[in-house]
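The structure under discussion appears below in the form of structure tokens.
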Amino acid sequence: MVGFMKRKIRFGIIGCGVIADFHANAIMELQDEAILVGVTDVVYDAAEKFSKRHGIRVFATLEEMLSSSEIDVVNICTPSGYHAEVVIKAAKAGKHIIVEKPMAITKEQLDSIEDACRDSNIILSSISQNRFSRGVTITRRAIEEGLLGRILCADIYMKYNRTQEYYDSGSWRGTKRVDGGGALMNQGIHGVDLIQYLAGSLKSVYALSKTLVRRIEVEDTLSAVVEYKSGAIGVIQATTSVYPGYPRRLEINGEKGSIALEETSIVRWDIDNSKYEDIVLQPSFISSTATPTALSTAEHRNQISDVIRAIKTKTKPLIDFEEGRKAVDIILAIYKSAEEKRTVFLDD
Ligand SMILES: NC(=O)c1ccc[n+]([C@@H]2O[C@H](COP(=O)([O-])OP(=O)(O)OC[C@H]3O[C@@H](n4cnc5c(N)ncnc54)[C@H](O)[C@@H]3O)[C@@H](O)[C@H]2O)c1
């Protein structure tokens with residue numbers, strides 16, 4: 001067999017709904033080192049349409065794809081509550097795994113993924129594509145270099161709009177059992193991941209959660225006050241019920257400097273004696289504020305490229321299991337706080 005160093009890495013997509021096209025296009029853009037082989041979906045017709053659109057083959061069942069020697073990596077794009085069972089099957093079959101966010105929706109599911117991947121040689125990466133954007137990369141570097149000084153406040157404000165039609169467009173959307181939650185678990189997770197990636201681990205959360213407008217069984221509006229292990233404090237806010245919806249805003253303020261991002265674009269850079277003279281402030285040109293599919297393929301492409309690098313070099317991807325579960329653990333703590341009306345400590 002030709003080693004991974006010499007040949008293209010072969011991908012298969014599991015679940016071909018809204019996000020799957022972004023994976024397919026991203027893999028196609030990496031054609032020098034990657035090839036999209038096939039797709040499978042519990043709805044065969046959907047897989048067939050998708051396969052024609054992308055010129056790839058259909059695997060009739062998940063088992064057929066997982067037992068195929070033509071596939072190295074699976075991209076799991078099924079509804080959130082079904083990720084864990086597919087991840088576990090793929091890990092047992094020895095496939096490398098890219099799983100959409102949230103990696104899983106309960107602590108039990110996360111633990112069973114960890115068990116399935118322990119002592120295996122597979123690489124698992126949980127999607128959080130915004131980490132691979134230029135704005136977030138520069139912000140992280142500035143914080144690591146100490147340009148902001150001691151961080152005092154770190155906040156994420158996500159005020160989006162998702163219509164009732166959006167929630168009605170799939171039987172799993174807005175359900176506790178399969179979506180795992182509402183505005184925070186589905187859309188807000190990106191911001192939760194970024195704020196902990198940039199500002200550090202959280203110590204505690206206190207949250208209020210409501211379903212104000214949409215006919216769904218989970219929250220459409222939530223605010224939490226959080227404390228970081230560093231002593232900094234902040235706000236995590238997520239709603240999908242307001243009109244017209246604004247781009248997500250992330251603010252990090254330190255003793256010596258502050259940075260603000262709209263989605264992944266740096267819109268404020270207030271650092272004394274900044275050595276980054278080429279920082280260009282620009283509004284976010286792409287935002288899924290009110291349109292779920294307003295996403296950039298480039299960030300998925302960058303994350304998939306990072307997985308290819310990890311496979312070839314037998315090293316960790318930037319977002320491995322431990323990194324991927326951080327945002328989910330924070331969200332589960334926030335839900336627990338809202339339900340029990342008390343401060344919840346992350347280490348509990
Ligand atoms: N990273 C992002 O920005 C982003 C954006 C949108 C969605 N997502 C995530 O992607 C996942 C899918 O969301 P979507 O909007 O594409 O959903 P969707 O409902 O449009 O598509 C899901 C597809 O999975 C198929 N499916 C269900 N169970 C399956 C199984 N066991 N095996 C194979 N196929 C199965 C369904 O038939 C459907 O075609 C969710 O976890 C969501 O949170 C991520």
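Quick notes
- Whether a residue is away from the ligand (no atom under 16 Å from the Cβ), outside any helix (DSSP H, G or I) and surrounded by 22 or more Cβ atoms within 10 Å (Cβ to Cβ) was assessed, and Val235 does not pass this test.
- Filter result for the condition that a residue is free of Cβ contacts under 8 Å to residues at least 12 places away in the same chain, among the hydroxyl-bearing types (Ser, Thr, Tyr) and within 26 Å of Pro79 (Cβ to Cβ), over Ser125, Ser171, Ser133: Ser171
- Residues within segment 124-158 that are closer than 20 Å to Ile233 by Cα and part of a strand (DSSP E or B), tallied: 8
- Of all the listed residues (Pro283, Pro244), the sole one being exposed (fewer than 14 other Cβ atoms within 10 Å of the Cβ), without any contact (Cβ under 8 Å) to a residue 60 or more places away in the chain and either in a loop (DSSP other than H, G, I, E, B) or within 16 Å of the ligand (Cβ to nearest atom) (or both) is Pro283.
- Odd one out for Tyr167 among (1) of a type in the set (Ser, Thr, Tyr); (2) buried (at least 17 other Cβ atoms within 10 Å of the Cβ); (3) away from the ligand (no atom under 12 Å from the Cβ); (4) not in a strand (DSSP E or B): (3)
- When restricted to residues that are in contact with a Ser or Thr (Cβ under 6 Å, 6 or more places away or on another chain) and within 12 Å of the ligand (Cβ to nearest atom), segment 19-46 contains 3.
- Neighbours by Cβ (under 9 Å, 6+ apart or cross-chain): first from segment 5-20, without any contact (Cβ under 8 Å) to a residue 60 or more places away in the chain; second among the aliphatic types (A, V, I, L, M) and within 15 Å of the ligand (Cβ to nearest atom): Ala20/Ile13; Ala20/Ile14; Ala20/Val39
- Residue match in segment 77-90 (condition: in a loop (DSSP other than H, G, I, E, B) and away from the ligand (no atom under 16 Å from the Cβ)): no
Only the coordinates and a few stated rules stand behind these numbers; no lab work does. It should be emphasised that the depicted structure is a prediction, and the values quoted were computed from it without experimental measurement. Using ideal geometry, Cβ is built from the backbone for each residue, glycine included, and neighbour counts are taken over all protein chains shown.
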